[in-house]
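Here the structure is laid out as structure tokens; the discussion comes afterwards.
Every number in this text was worked out from the coordinates using simple rules, so none of it is lab data. This one's a predicted model, so the numbers in the text were calculated from it and none came from an experiment. All Cβ positions, glycine included, derive from the backbone under ideal geometry; neighbour counts span all protein chains shown.
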């Protein structure tokens with residue numbers, strides 16, 4: 001694991017502040033104060049608040065895209081792929097709860113990178129939808145509305161960042177297994 005840089009510390013602190021106050025409400029002065037440094041010192045490591053937001057959101061979106069690409073190309077059943085998607089979300093979210101808040105709540109504030117982010121997001125959702133459709137075609141998954149299934153799963157997975165920080169003894173593998181069971185098999189015996 002590479003050592004944490006000052007830029008990494010700035011990005012992590014900013015992500016926490018963005019989650020607590022919202023991107024628009026956080027100033028560079030707030031960020032500097034939270035880090036115990038002068039605002040001018042921040043610019044030795046970053047160019048702007050927009051660059052911080054871009055670093056947070058794009059890095060996470062690309063991590064999800066790479067994970068989905070690997071899952072999509074794996075020679076597994078649709079159910080196994082869906083379980084891997086759940087595990088991917090649990091893993092990334094458990095390591096990046098603050099960043100996930102920005103990914104979900106502040107993406108619309110991206111400027112130059114907005115179209116790139118939206119392309120990553122739509123591709124990810126399309127790949128997820130294709131896995132569900134393949135599961136339906138192979139009779140692994142109930143033939144129901146694909147978009148409702150996608151929305152149900154993604155809504156839960158995208159909101160994990162709200163719930164995970166409250167779990168002190170989080171076991172990501174166990175959580176991923178339990179979530180997969182509920183999201184894929186339902187709550188009815």
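Here are some notes:
- Extending 7 Å from Cα along the Cβ direction at residue 80 and again at residue 126 yields two label points whose distance is 2.6 nm.
- Each peptide in 52-60, 131-139 receives the mean, over its residues, of other Cβ atoms within 10 Å, and ordering these scores from highest gives 52-60, 131-139.
- Efficiency of FRET from Cβ geometry, residue 73 and residue 133, R₀ 25 Å, rounded to 0.05: 0.95
- Principal-axis analysis of the Cα atoms of the chain puts helix 146-158 at an angle of about 40° to the longest axis.
- Computed over the chain, relative contact order equals 26 percent, with contacts defined as Cα pairs under 8 Å that lie 6+ residues apart.
- Tilt relative to the chain, helix 6-21 - C-alpha long axis, 0 to 90 degrees, to 10: 70 degrees
- Tilt relative to the chain, helix 78-95 - C-alpha long axis, 0 to 90 degrees, to 10: 20 degrees
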